[in-house]
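Only one structure is covered here, and it is reproduced in the block below.
The values are calculated or read from the model by the stated rules, or taken from the named source; none is laboratory data. Predicted model, so just to flag it, every value in this text is computed and none were measured. Neighbour counts run over all protein chains shown; Cβ positions are idealised from the backbone, glycine included.
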Amino acid sequence: MIELDHVVKTYGRTTALDGLSLTVGRGELVGLLGPNGAGKTTAIKLLIGLTRPTRGSGRVLGAPLGDRAARARIGYLPELFRYQPWLRAREVLRLHTELAGLAPARRPGAVDDALAWVGLAERADDPVSGFSKGMQQRLGLGVALLGDPELILLDEPTSALDPIGRTDVRAIVRSARDRGATVILNSHLLSEVEQVCDRVVILHQGRAVASGPLEEIVAAGGVRLRVTDLDPAGRQALAAFGAVGIDGEWVAIRPLDRARIPDVVEAIVAAGGRVHAVEPGRGSLEARFLELVTGPPPPAAPTDPPAALDALDAS
Ligand SMILES: Nc1ncnc2c1ncn2[C@@H]1O[C@H](COP(=O)(O)OP(=O)(O)OP(=O)(O)O)[C@@H](O)[C@H]1O
Ligand SMILES: [Mg+2]
């Protein structure tokens, strides 16, 4: 569905993408995660053809980047959008069925489906000017879903939403995927990506610094345990699980498959150690993320992919 090959995008002296390679297969739900300015929006704009690569190349839906016919098969929610306030929700959607070139016979059904998917059926005939930010975002999502496109690109789909709205968006995104769509979702919110995506690509300074199933990225972050009464021989035994780092009472092991955490604890206890705290799981994506984006500069990707993490094309 998507193939980017060492894409570089510069704006004047700013390098937005610095050799991004990415492969996404049909039916995948991929999260592009990264801090402000990492290049997430630029990557999405390249995929939809709103901007052209400075160097490198890519294909979307089998066609070169920017291909107009391919673009008609892509749904897109821009990061910053504003719909005509004088139109009603249904009219905005109808206008977009025309812009997207949907066959006239399909238009009414596509509008009704989109309204139902995003929970705006009741407000279909209200003007957009009276919509809250969250409702406008739902409308934007409705536009992206019009006609059930094969590829859906969502740039920060939940930025204006309350927790209920976010849960709804996750459900909407999953059901689009269940209908066969491939979805790319941009976010700087770890929890968004964590809860909905099959795979995560972490962007930093225009490069993919990590990519893979969430479990793998979290595993790469390992586990931290606060341990006392463990003698040096006991510590040495932990090396069987992964690289061991000691900082006072804290023992870090990585990479480590989450499923092996109980084995680690058992090994420590068997060696006479006492375990006071274990920090696995959810926090680890955040820790890993922070480590990747605030730690030492990433290696020169993509010719030198980061060790212990998937290359950029995990699909
Ligand atoms: N049209 C543009 N002109 C000049 N610089 C740009 C333009 N678009 C993006 N940039 C620069 O490219 C870099 C990447 O921007 P981009 O919008 O892709 O980041 P992002 O990851 O989407 O960030 P955010 O989380 O804030 O949305 C930034 O340094 C930004 O200032
Ligand atoms: Mg952005």
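Give segment 239-281 a look and list any residue that's β-branched (Val, Ile, Thr) and assigned to a strand (DSSP E or B), or say none.
Hits for segment 239-281 are VAL244, ILE246, VAL251, ILE253, VAL275, VAL278.
To keep it simple, each residue is scored yes or no on (1) over 27 Å from GLY39 (Cα atoms); (2) modelled with pLDDT of 90 or more; (3) touching a Cys at 6+ places or on another chain (Cβ under 7 Å); (4) buried (at least 19 other Cβ atoms within 10 Å of the Cβ).
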| site | (1), (2), (3), (4) |
| --- | --- |
| ARG224 | yes, no, no, yes |
| THR228 | yes, yes, no, no |
| ARG235 | yes, no, no, no |
| GLU266 | yes, yes, no, no |
| ARG288 | no, no, no, yes |
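Within the set of pairs 6+ apart or on separate chains, which have a first residue in segment 117-133 that is touching a residue at least 40 places away in the same chain (Cβ under 8 Å), a second that is β-branched (Val, Ile, Thr) and part of a helix (DSSP H, G or I), and C-beta atoms under 7 Å apart?
TRP117/ILE172; VAL118/ILE172; VAL128/VAL92
Can you give me the number of residues within segment 3-34 that are within 16 Å of ligand 2 (Cβ to nearest atom) and surrounded by fewer than 16 Cβ atoms within 10 Å (Cβ to Cβ)?
The total comes to 2.
Of the conditions (1) surrounded by 17 or more Cβ atoms within 10 Å (Cβ to Cβ); (2) at pLDDT 75 or above; (3) among the small types (Gly, Ala, Ser), GLY272 clears all except one; give me its number.
(1)
Inspect segment 229-245 for any residue being in contact (Cβ under 8 Å) with a residue 40 or more places away in the chain, away from ligand 2 (no atom under 16 Å from the Cβ), in contact with a strand residue (DSSP E or B) (Cβ under 6 Å, 6 or more places away or on another chain) and not assigned by TED's automatic domain parsing to the domain that holds GLY62 and give the result as yes or no.
yes
Give just the number: which of (1) over 14 Å from the mean Cα position of the chain (by Cα); (2) in a loop (DSSP other than H, G, I, E, B); (3) within 16 Å of ligand 1 (Cβ to nearest atom) does GLY140 not satisfy?
(2) is the only condition that GLY140 fails.
Quick test for you: out of GLY31, GLY39, pick the one residue that is in contact (Cβ under 8 Å) with a residue 12 or more places away in the chain and more than 12 Å from ligand 1 (Cβ to nearest atom).
GLY31
So, in segment 66-81, exactly how many residues are at positive phi and surrounded by 18 or more Cβ atoms within 10 Å (Cβ to Cβ)?
Summing the residues that are at positive phi and surrounded by 18 or more Cβ atoms within 10 Å (Cβ to Cβ) in segment 66-81 gives 0.
Please go through segment 162-190 and pick out each residue that is touching a helix residue (DSSP H, G or I) at 6+ places or on another chain (Cβ under 6 Å) and within 16 Å of ligand 1 (Cβ to nearest atom).
Answer for segment 162-190, where residues must be touching a helix residue (DSSP H, G or I) at 6+ places or on another chain (Cβ under 6 Å) and within 16 Å of ligand 1 (Cβ to nearest atom): ASN186, SER187, LEU190.
Can you tell which of GLY206, GLY130, GLY147, GLY134 is out of contact with any Phe, Trp or Tyr (no Cβ under 9 Å at 6 or more places or on another chain), assigned by TED's automatic domain parsing to the domain that holds LEU20 and within 16 Å of ligand 1 (Cβ to nearest atom)?
Criteria check complete, one pass: GLY206.
Being more than 20 Å from ARG73 (Cβ to Cβ) and of a type in the set (A, V, I, L, M, F, W, C) narrows it down to one residue among ILE152, ILE172, ILE202, ILE184; which is it?
None of the other options fit; the residue is ILE202.
Which is polar (S, T, N, Q) and near ligand 1 (Cβ under 8 Å from one of its atoms), of THR15, THR10?
Checking each option against the conditions leaves just THR15.
If you take the residues of segment 247-262 that are surrounded by 14 or more Cβ atoms within 10 Å (Cβ to Cβ) and among the hydrophobic types (A, V, I, L, M, F, W, C), which of them is nearest to the chain's Cα centre (by Cα)?
LEU256
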